[in-house]
Structures are given as C-alpha cells and as structure tokens.
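Engineer: Just passing along the structure, written as structure tokens.
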Amino acid sequence: MPRSVYIIQGGPGEGKTILANQLCYHRASQGERSLYVTLLAETHHRLIRHLRAMEFMREQALGDSVYYESAFDTLRRDGLEGVLRFLIRNTRDRKASFIVLDGLFALEESAETERSFREFINDLSVFADMQGCTVLLLTNSERGAGSPEFTMVDGWIELNSEDDECRSFRFLCVHKFRGSGFVSGRHMLAIDGRGVHVYPRLEALRSDLVAAVSDGRISSGVTGLDDLMDGGFPRASTTALVGPTGVGKTSFGLSFICQSTPEEPGLVFGFYEDARRLERRAAAIGIDLAALMTSGAVTVMHFPPTEQIIDSLAEQLLKAVRRTGARRLLVDGVDGFRQAAVYPSRLGRFLSMLTSLLRAEGVTTLFTAELPELMGGEQQINFMPLSPIAENIVLMRYAEIDSRLHRTVSIMKMRESGFSPDVHEFCLDRDGFGVRRTMRQVRAQGAVDASRGLGDA
C-alpha cells in the first residue's frame, strides 16, 4: 500500500533479497519506478549477476525504472540522519514510488541509542507519507514483536525455514498489516527460477463457498453399479473409493473418468502412474484412453509423490479444473496429499476445503484411497480424514471363499440417496469393469457345487 512502511524479516538465505527485487520488477512492469538501496550487503554487480538467472528480471528495466544505490558510505560518514537525507534526495531524483532499504540491522547497530533508532523509523514513516511512496525494510534481526521497529511500521512479514527430518521447507508469516485483512499463520513458500511463490493455506482462505446444486446423476462407468445407487453418483458430489492394493481402484477410476466427452471433460490428477501407464491399464479393460486424451475429453496430470507442497498441488489442481472445464475428476491416490503435508494434522481441514471448492465448481470427484490390509474384519477399516467430507464411500475388498479370492464392491455411504446394502462380486477383464452377483449368491453357488462334488464322490 502507498504511504506505508513494511519490514521483511528473515535470516540469511531465506529469500528477502529475491522477494524485494521481484516486487521492484513487478512495479516496473506496472509503469512505476523503484529504488533499491543497500547498506551492508553484496555489491550491486554481484546482486544483478545473480538476479539475471530469475525470470522476473528484465534488462530493459535496469537503470530505467529500477535503480540500485549504496548508502553505506553515507551511513558511516553521516549516520542515520544522513541516510534519511540520502533516501529523500534519491527518491525525488529518481521519481521512485517504491523504496527498498536492504540492511535495517546495520542502521540499528549504527544508532547511538534505542531512542535515535525509533526516531529514524518514525521519520521514515513521515517520509513515506509525504512522498506517497511504499518503503520496504529488509532485516535479518531476530528481535521479537515488542521491538520498536515492529510496533511503528505498517506491516511485518517474516520469511523462515525449518527441517522436517531430511526435508527442508520454507514458509512465510504475516504478523501485521495495517488497514487490511490478512491470513495469519504459516504459508508454504518456494523459490525457483521464477522467483518467490507463496502458497496460502488452502483451508484458511474462503468460507463463503456455495456448492453447485443439481438433482442429476452421473454414471459411474461400471456396468451394473449404477443400479445399486439409484442411477449413479449425484452430480457435484465427492466419492471416496477405498480398498487394498491391487483390488482395482484405478481401473474403477478409469471406468468413471472415461465416460467424459469433449462437452463434459474429465481430469485425472494422479500421484503414482503417468499417462503412458494409465493408457496401458485402460487398454487392459477395453478403454482407449489415448483417443480420449487426443480428443480433449480427458486430461491427465501426474505429480510424483516426492517433496511436493500440498497447497501447490491444490493450486495446480484447481487451475486445471477451471482451465479444462472438467466435470469429472479422478484423484488417483489421495495419500499423495498426505505425503506432501509438512503438518499432517492439516489434512482433514485441507481436504474439506478442497472438496468444497470442487463442489462449487460443479465437479463430480472420485478419490481413491489405500487400505493397509488386504483382507480382514470391518473393525480394521480406516477411511482417513476423507470420510467425513465424502458424500459417498465405495469399498472394494478381497473375500476368500473355498481357497479362492473374489473381488468385492459395496456401497458404504451415500448421503441423501438410497443404495443397495449388499456386497457384490465384480469382474475386471478385457470386457471392462462390471458388477456381477451378490456374495450371498456366490456362497450359495459354492455350496451347490460342493454338494454336487460330494454326490459324485
């Protein structure tokens, strides 16, 4: 905001210089001029050499709308008052509206008393107000919230990083921002060739979402399954598809997503299998996924479950939904979000907001989730944080009958909808994914076959 002074605090290497320069070049792209003043910092030659590796750095702006000056000699010779006069003079000469002072700690160390340092901060605020400019102060000071510089400025932003076992992560905190609402707490931050990118915590953003309302149904794509749930999944609903490894969750998901058309596109957001592997898996059940991708009916996005940022994944997912106009969404491997979460306790709130946003976009979503056990009693089932926020839960299991494994599917939950309570056997072959008979019928047939075997004996 104009006529304001802000502090960006952080230790060495946390990204203060990159962020400040990124703001300067952004201002330049808006037709404004910026003045970057250094004290005890690297030389301008080295600074600019490093900045040239960043996408936001524009050579034509250098010396035309972004200016670099050093006030270190002025500080040594004339003290804080000399630095203030330096800023006033150069701001006026450069017609700058955005001022960066890199090295607030040097000013603090040069101040004769705490009072003189507070007076300098006050004079700086008066200068910003009279000139109508924005002043950004960079410091690596570790002083706390009660320090005078933080109480007197209009805003205070902290950049920091921590280690989580072998992983390091960056974050940003807004501690103060006068005249404006802000989202407090830690927000993940990344630095790459594009510059600094902040990912606000998804669950802390909006709470006024209105979910899309539709009385229609959307086919599951699984032969016979729609009949078990009154015609298919309710539109704009969220379904959790849970089951052990190898039971056919991804094949179920492909049957669902491949009902998409160019008019009502689908999106696959996966963590464990890329487009080529999904094409082969789809071909195994008689689905030509490659043709659907070529026609624009289906888009596949793959994010290996490495050191991702959970809020970045959400941002890319929501952008893809809006870009493609997706009406169907398959999130294959919701555990990928858990692995990306630095703070696992966030996962429930994060997924709640993500599904709310997807409903507001009118997207019918299918999440696949892994169960840890292959077989076992119902008391072993744990549906993770997705359970309370999924309107529908479909359970896939293995059942062993007479030393033979059967794949089963059952509807565990469907809000505001009737569904069959029976456990059904399903098939998975070249003819596709389809529901067969109930497990009662399987057991009855097994008993008949057993009795015939005894009679023959």
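Engineer: Of everything in the stretch 323-342, what is in contact with a Gly (Cβ under 9 Å, 6 or more places away or on another chain), of a type outside the set (G, A, S) and in a loop (DSSP other than H, G, I, E, B)? Give them in sequence order.
Structural biologist: Within the stretch 323-342, just R327 meets the criteria.
Engineer: Could you tell me which of the residues F252, F171, F182 is in a strand (DSSP E or B) and either at pLDDT 90 or above or over 30 Å from G432 (Cβ atoms) (or both)?
Structural biologist: F171
Engineer: Provide a single number: the residues in the stretch 279-306 that are open to solvent by 60 Å² or more (accessible area, probe 1.4 Å), part of a loop (DSSP other than H, G, I, E, B) and modelled with pLDDT of 95 or more.
Structural biologist: Number of matching residues: 1.
Engineer: Across the stretch 43-92, which residue is surrounded by the most Cβ atoms within 10 Å (Cβ to Cβ) among those that are within 25 Å of T113 (Cβ to Cβ) and of a type in the set (A, V, I, L, M)? Step through it out loud before you land on a result.
Structural biologist: Here is the first cut: in the stretch 43-92, the residues within 25 Å of T113 (Cβ to Cβ) are 71-88.
Right, trim to of a type in the set (A, V, I, L, M) and you get 71, 75, 80, 83-84, 87-88.
Working: A71: 23, L75: 20, L80: 21, V83: 22, L84: 20, L87: 25, I88: 14.
Top of the filtered list is L87.
Engineer: If you don't mind, another one. What single numbered condition from (1) part of a helix (DSSP H, G or I); (2) in contact with a helix residue (DSSP H, G or I) (Cβ under 6 Å, 6 or more places away or on another chain) fails to hold for L47?
Structural biologist: Status for L47: all satisfied but (2).
Engineer: Give R327, R323, R276 a once-over and let me know the one that is in contact with an Asp or Glu (Cβ under 7 Å, 6 or more places away or on another chain), of a type in the set (K, R) and at pLDDT 95 or above.
Structural biologist: R327
Engineer: If you don't mind, there's one more thing I want to ask. Within the stretch 17-34, is even one residue in contact with a Gly (Cβ under 7 Å, 6 or more places away or on another chain), assigned to a helix (DSSP H, G or I) and closer than 20 Å to F98 by Cβ?
Structural biologist: Yes: one or more hits.
Engineer: Considering only the stretch 92-141, how many residues are in a strand (DSSP E or B) and among the aliphatic types (A, V, I, L, M)?
Structural biologist: The total comes to 7.
Engineer: Under 9 Å by Cβ, and 6 or more places apart or on different chains, what pairs join a residue from the stretch 152-176 that is closer than 18 Å to P12 by Cβ with one that is aromatic (F, W, Y) and open to solvent by 50 Å² or more (accessible area, probe 1.4 Å)?
Structural biologist: I157/F177
The values are calculated or read from the model by the stated rules, or taken from the named source; none is laboratory data. Since the model is a prediction, treat every value here as computed from it, not as a measurement. Every residue, glycine among them, receives a Cβ derived from its backbone with ideal geometry; neighbour counts consider all protein chains shown. In case anyone asks, the SASA skips ligands and DNA or RNA and just uses the protein heavy atoms, side chains included. Shrake-Rupley method; radii C 1.70, N 1.55, O 1.52, S 1.80 Å.
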